[in-house]
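Here the structure comes first, spelled out in structure tokens, and everything after it is commentary.
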Amino acid sequence: MAALVEQHERMQKSTNELRTGIRERDERIRRLEEELLEANQRRKDVGKRIDELIGQIDQIEAGLQASEDES
């Protein structure tokens, strides 16, 4: 009987350790998913800003070209 109690206690301990490991893994996954969403948003923001800068450069070049054509 004592052997069964010991075995049961070991199994409970093992189960609790596994559950703790799963909770920690799930929390890590959640944090990484949040970081990924933030990184994707930053990437989109940077892409938008680059497009705006390219547009400004194109306008400047067009203005310079128009000035040269008038000369």
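The values are calculated or read from the model by the stated rules, or taken from the named source; none is laboratory data. Every value quoted in this text rests on a predicted model; they were computed, and no experiment measured them. Cβ placement follows ideal geometry from the backbone for every residue including glycine, while neighbour counts extend to all protein chains displayed.
Pairs meeting the criteria (first residue in segment 1-22 and without any contact (Cβ under 8 Å) to a residue 24 or more places away in the chain and of a type in the set (K, R), second residue surrounded by 10 or more Cβ atoms within 10 Å (Cβ to Cβ) and part of a helix (DSSP H, G or I), beta carbons under 6 Å, at least 6 apart or on different chains) are lacking.
Residue check: is R19 within 20 Å of the chain's Cα centre (by Cα) and modelled with pLDDT of 95 or more? No.
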